[in-house]
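Have a look at the structure below before the remarks.
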Amino acid sequence: MFRNSKKLNRSDSSASATTEELEELNQRIAAKAEDILGLCQSVNQAQAAGSNLKALKDVGGVKGLATSLFTDVQRGVEISSVVPRREAFGPNSLPSAPRKSFFELFVDTFDDATLQILIVSAVVSLAVGMYDDPTAGYVEGCAILAAVLVVSFVTAANDYQKESQFRELSATHDESVDVVVRRNGVYWQIPVAEIVVGDVVCVETGDEIPCDGVVISSDGLQVDESALTGEPVDVDKNVSGDPFMLSGCTVVAGSGQFLAIAVGKLSQWGIIKSKLEKEQEQTPLQEKLDDMAALIGYVGIAAAFATFVSMMFIKIVMDPAELTETSVFSYALEAFIIGVTIVVVAVPEGLPLAVTISLAFSTKKMLADQNLIRHLAACETMGNATNICSDKTGTLTENRMTVVKGVFADTRCDDCMHRVPVLISKKALEYVLDCIACCSTARVILPDVEETDGETEGADGEIVPPADTRPRIIGNKTEAALLLLAQSEWASGDDTDARREAAGFDTGASRLFPFSSSRKRMSALVFKEDIVTSPPTAGSPQKKTTSRSWTLFHKGAAELVLENCTRYLDIDGTEQPMTDRKRREFTKTIKKFASEALRCVALAHRCEVEKIVEPGKCTVEECEKKLETEMCLDAIAGIMDPLRDDVVDAVATCQRAGIMVRMVTGDNLDTAVAIAKQAGILKEDGISMIGEDFRNLTPAELDEVLPRLQVLARSSPEDKHILVQRLNGGLMPETEEEWLEIHPGKDFKTQKDKLLPGYKEEWSKSRQGVGEVVGVTGDGTNDGPALKAADVGLSMGISGTDVAKKASDIIIMDDKFSSIVKAVLWGRSVFDNIRKFLQFQLTVNVVALTITFLSAVAGYQPPLNAVMMLWVNLIMDTMGALALGTEPPRAELLDRRPYARDASLISRPMWRNILCQSVYQLALLVFLLNQGPKLFDCEDGSTRHFTILFNAFVFCQVFNEFNAREIGDRFDPIRSLSQSPMFLLVIFFTVISQWFIVEYGGDFTQTAPLSFDEWRLTVGLGAFSLPVGFLMRLIPVSEDPETFAGLERKKVKKDNSWLTVLLAVLLPIFIAIIYQLYMEIDEIDEAYDHV
């Protein structure tokens, strides 16, 4: 009946039902399946404990609910009903998306618009080339297809590798986890996936809750719900208080049994998982690349069309003598072939390769900086993030309750975080340590793993995340905070376990009254037996006597404990009377701690209680009434989940970089505000609010709040999801059907502008269709939907749940917020590297396109033949991608604001650089066409002449590659070259390859060997690109302030004047070059006619 099930040795003697009764039961379950599902959903709404309790009460409590589920709370479900229940209510598992094969990832790469344009261009070029020149016409088309295949292969290989690394990182152990359930009055141990609705599930300390349910019975049951709600406080679970068990959470104390009411995709964990299925839209980089490819395609098509029209005009209207014998059809075909060539030249086939290489290189380097990139595009997108919506617990804080300050034996200790030894007497410290050790049920288990600095590689090269070297906590987190303090250098590494063992709780020598949420305190009666040695006196030898005593150790809410104290422990270990002044002093301390969002816990003791009661028979009521009074106050501890050490600096760096950091947490508002202020997130003009107020806002009202909303507390997963949607427009409902799916039962026409998150059309109108670029950090299951809706989702590698990791784009391997700053730095480096390559690529293409166009219009064969263009357009592009796409990041990248989502890839300074270099190179080509034969003593139009021109052009690109390392006003072409070995290698390879092509290319490349002087002169002419690069940066062209987004620093006056002047100066020069080129071509034609 059960896969891998195991019958445990516990059962009752109740008789089982007859076969007919069982069949009837199964039929009733199937018939009422929908009603049962609706009933279970009514008592299992997210973040709605009040309404859930009311609904549970309406159905008669847990017993009434069990009756509706055809379950006996004592016997559990009938075994024969398990299969029908699974068919009616679903299995306790979630369908996981199958892994894509390498071939599927390879095919997916062809969805890129740039690659599609390249493929079309290659096919047309191949067809036309084969028709025009069957022997060598295939070269250009095949070369472009080869470039496409290389890009696709590299992209698919990277995606496949990263997916493999992620699966190794987040491999789950669900299949090996078993759970105890009761069926037919018998306890069974079964796999988690076998649980069905109606099962009576048994849990104890350390268990992960496998499904949603309602408590039937409990014994000190406490649950850590931080993974689902974000609140770090352990929640008491019992029938009368909060009976709701949520899947994905962990039992931290006690044991209990609960009735399963939702499994699989209908559980709280499953509902969150379902929101992760819808994929996000294109990243900002993809949008920019698609726009750039389209623009270049339009320019190429326009140039091709202009060429075709011009050539046909010359043939039909002017009809020169040299074209008399050429038919219109033949000339039209030639014009079409040249037009296709122009389109092929215009398309930057190296651009997608540059993007892929830059992303792949950065991804590998980022892993060393504790960032595992699951999706390549996220690397760049993070660089231009304008908002980071961060979870509090586990991301900004350590998710570890810690004593941060306190008063111990009337001695103030304002820094307990760094565990500096406390300066009180040994006697006083003994009282404090005994109270911490004995008045506790928590356990601290030290890790077995060795501490590591980061991730390591296993034997097979798989990625192993850094080990969590922090002690493991079992039980109450507040008690554990005190235990960790006692075991630290603060108390010289005290052995609290030994103290507890010496007290003899296990043997019954001492008594423990556990913490009660109703009393907000706990007590321990500790028996001590000491050997007292009296000094010898005259005529009397040394004597040893046994001293037996009982001491009450008490711990609880500070204000309640203080009320019952009449004495306080002094620094020397003596008890002093609690005066009114001293009581006011302690009260003031408690209030101050509370204002800092610290949880205040007081420790107290009372000696010789055996004189008041009989400790061995004392009850809780008697202890509270007779012993928990007239106590001595030992300490007041301020406990909180502290900020991670790196958070303050990391948040400040993000804000300096123009990124707005927001805290979104399920914790209470006071704690969230205190932590946000400590982290530097909440400013004086910032807004903080709770989820209940947030979700009642209209879309328009939320848009007014968003610029200053810095803290969102008591938020549900849906609130965080809506916040991200409203910021970036991701996964926003676009149709009425999608809106109604989110808001069932609502009226779209009357309420579409009143309910969050709004709808796509309204959102686009409110911000001109341009949203923020949002990064979301989180470690809990509750963060999953928001991680998926974000432009970049960042999960925690150590403390993160599998749901969070699977929904994220980047996994922070060391759980440090500062690693997110490194992700931003690398992302900006990727973006700038792509722009560097684009600046270099477009300069090449502008020159090549112009030369090809003008030569074709003039009826002259282009000076750069097909093979030369192949070298310039493909090999140089690939090498340029390797050189410029692998530049390391620079710290100053974090000193600027992020670029807006709709900002162009080409900035004003880049246009300046492209235009200036293009004009120089065009002028050089025209000069060499005109004066080359005289300067180099070669035949005009000969192979040697064109080889000289080709060599000078290539070396212009080699030296311009140094210029392209900077896209702004700074001129430092050799800056940090030692950190760019790939750049140096590419330059070396390019120079060697150029020498080989020129010297040994022969008929294939149509080149002729050059002399040493010709090499020296052509290389020197190319090197003039460097001084041109220096001079062009003296032209003061600044970036458009509108291209930036994120937090503003200071207003920059918008100025287009210098770019206008630059265009006005360069345009006449450009026209002069065109005219000169036309005249030179005309002279060459006349010379050929004369010959």
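The values are calculated or read from the model by the stated rules, or taken from the named source; none is laboratory data. It should be emphasised that the depicted structure is a prediction, and the values quoted were computed from it without experimental measurement. For the accessible areas, the whole protein counts, side chains as well, though only heavy atoms, and no ligand, DNA or RNA atoms are used. Shrake-Rupley method; radii C 1.70, N 1.55, O 1.52, S 1.80 Å.
Pairs from the table (Lys520/Lys720; Lys32/Lys265; Lys32/Lys746; Lys683/Lys806; Lys57/Lys720) lying more than 23 angstrom apart at Cα are Lys520/Lys720; Lys32/Lys746; Lys683/Lys806; Lys57/Lys720. Measuring with a 1.4 angstrom probe and ignoring ligands and nucleic acids, Trp550 comes out at about 40 Å² accessible. Against the empirical curve 2.2 N^0.38 Å, the C-alpha radius of gyration of the range 940-983 lands at a ratio of 1.61.
3J(HN,Hα) couplings calculated from phi for the range 473-483 with the Karplus curve 6.51 cos²θ - 1.76 cosθ + 1.60 (θ = phi - 60°) are, in sequence order, 9, 10, x, 5, 5, 5, 4, 5, 4, 5, 4 Hz; Gly and Pro show x. Using a probe radius of 1.4 angstrom, the carbon and sulfur fraction of the accessible surface of the range 571-616 is 52%.
How much of the calculated P(r) for the range 755-802 lies past 16 Å, in percent of all Cα pairs?
Cα-Cα pairs of the range 755-802 separated by over 16 Å account for 52 percent.
Under a 5 Å amide H cut-off, with hydrogens placed 1.01 Å from N, Ala253 pairs with Gly206, Gln222 among residues at least 5 apart or on other chains.
Mean projected area of the convex hull spanned by the Cα atoms of the range 577-632, taken over all viewing directions: 5.0 nm².
So, in Å, what gap is there between the alpha-carbon centers of the range 713-768 and the range 915-934? What the calculation gives is 58 Å, centre to centre. Please give the Cα centre distance for the range 792-854 versus the range 21-41, rounded to the nearest Å. Taking the Cα centre of each part, the range 792-854 and the range 21-41 sit 53 Å apart.
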